[in-house]
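Scroll down for the structure; my scribbles are underneath it.
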Amino acid sequence: MELIDIGCNLTHDTFDHDRQAVIERAREAGIVQMVITGASEEGSTGALQLARDFPGELFATAGVHPHHAIDYTDATDRLLRDLAQEDEVVAVGETGLDYFRDFSPRDVQRNVFRRQLQIGVDSGKPLFLHMRDAHEDFYAILREYRDQLAQVVVHCFTGSREELHQYIELDCHIGITGWICDERRGTHMKEFLEEIPINRLMLETDAPYLKPRNLRPRVKSHRNEPCWLAWIAGTVAAVRHEHPDFIAEQTTRNARAFFNLPDAEKGSG
Ligand SMILES: [Zn+2]
């Protein structure tokens, strides 16, 4: 099984002491390529650096998460525009709206979301988007820009069936995380996971967050790792009544086309 983790926060400091081992474990688990999420100025620069250390295997996004929208300046905008020109930076984001935490004021979030969508328009790179409890505003803004954008993924989708179908109608891809493995919060999605067209589906861990709660054998650490992407793929396959190999093959193909990734090198690592 070959998988691509389209969203992992490998620059997070919980990986500082064993990042190399985490990458090795991912390789052994069949994760052939990973896209490192950039969620701040520092994080985006770090993600590019990490991608350069593992050419052909790790890639980066460059963006500012809605939590940090309040820190977004003209200098940030210039930096993200520069980063978007780099070959290893395969998407703009993560950007979007998060009204669940409201760490930045909502009007600031909307403005910063628009500025990064414009970077997507100008650079022609795909968009890696975050939405939580903000569907109405998020959808309205995205729709304004959609025609001018390349590919768009709504990452870590946790919304409703109606929201899902609105994004699919906007020609978005959908990123599914271990949220689907959560028997407390993920159950509603099991009812409509099958309605995601197979060519729109991609998988991600969002590590170190969202460790699959149904993981067996149990793992003590709270930290999520890209090596558990196969478990998420298995859960998605079971819910959709499809073979895990089919899910792996399709989502890997989707991710490679979406981010314009090269073929993975056989037998590396
Ligand atoms: Zn996110």
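The values are calculated or read from the model by the stated rules, or taken from the named source; none is laboratory data. Note that the structure is a prediction, hence the values are computed from the model and not measured. Glycine also receives a Cβ, built like all others from the backbone with ideal geometry; neighbour counts cover every protein chain displayed. Note: areas computed on protein heavy atoms with side chains; ligands, DNA, RNA excluded. Shrake-Rupley method; radii C 1.70, N 1.55, O 1.52, S 1.80 Å.
The value given for the chain is a Kirkwood hydrodynamic radius of 18.2 Å, derived from the mean inverse Cα-Cα separation. Applying both filters, DSSP loop and at most 13 other Cβ atoms within 10 Å, to the chymotrypsin sites (Phe, Trp or Tyr not before Pro) of region 73-107 gives Phe100, Phe103.
For region 216-269, the set of trypsin sites (Lys or Arg not before Pro) satisfying both a DSSP loop assignment and a count of at most 16 other C-beta atoms within 10 Å is given as Arg218, Lys220, Arg223, Lys266.
The sum of -39500 (n - 2.57) across all DSSP H runs of n ≥ 4, divided by the residue count of the chain, sets its helix-only mean residue ellipticity at 222 nm to -12000 deg cm²/dmol. The alpha-carbon atoms of region 25-165, seen along their principal axes, cover 39, 36, 30 angstrom, with the largest extent given first.
Given contacts defined as C-alpha pairs under 8 Å and at least six residues apart, what's the relative contact order of the chain, whole-number percent? Numbers along the way, then the final one.
Numbers: 543 pairs, mean separation 54.4, N = 269.
Computed over the chain, the figure is 20 percent.
Please give the Cα centre distance for region 170-248 versus region 83-137, rounded to the nearest Å. Spelled out, the Cα-based centre of one part sits 23 Å from the other. For region 191-269, the fraction of C-alpha pairs farther apart than 14 angstrom is 67 percent. Each of Gly7, Leu79, Leu117 was placed along the dipole of the chain (beta-carbon charges, centred on the mean Cα), and the one lying farthest toward the positive end is Gly7.
Placing unit charges on the Cβ atoms only, positive for Lys and Arg and negative for Asp and Glu, gives region 106-234 a dipole magnitude near 700 debye about its Cα centre.
Overall, the anisotropy analysis places region 131-251 in the prolate class: the square-rooted eigenvalues a ≥ b ≥ c of its C-alpha gyration tensor yield a/c not less than 1.5, with a/b exceeding b/c. Accessible surface for His243 stands near 110 Å², nearest 10, in the context of the full protein assembly shown (1.4 Å probe). The residue among Ala255, Ala237, Asn224 whose Cα reaches farthest toward the positive pole of the charge dipole of region 218-269, with charges on the beta-carbon of Lys, Arg, Asp and Glu, is Asn224.
Legend: Rg and Dmax of region 1-90, from Cα coordinates, 13.4, 43 Å. Solvent exposure of region 137-198, expressed per residue, is 42 Å² of accessible area, with all protein chains present and a 1.4 angstrom probe. Shown are Ile6, Ile70, whose ranking by accessible area with a 1.4 Å probe and every protein chain present, most to least, is Ile70, Ile6.
Under the convention that each Lys and Arg Cβ holds +1 and each Asp and Glu Cβ holds -1, the size of the dipole of the chain around its Cα centre is about 620 debye. The GluC sites (Glu not before Pro) of region 185-251 that meet both conditions, a loop assignment by DSSP and at most 16 other Cβ atoms within 10 Å of the site Cβ, are Glu191, Glu242. Express the carbon and sulfur contribution to the solvent-accessible surface of the chain as a percent, rounded to the nearest whole number, probe 1.4 angstrom. For the chain, the apolar C and S fraction of the accessible surface comes to 47 percent.
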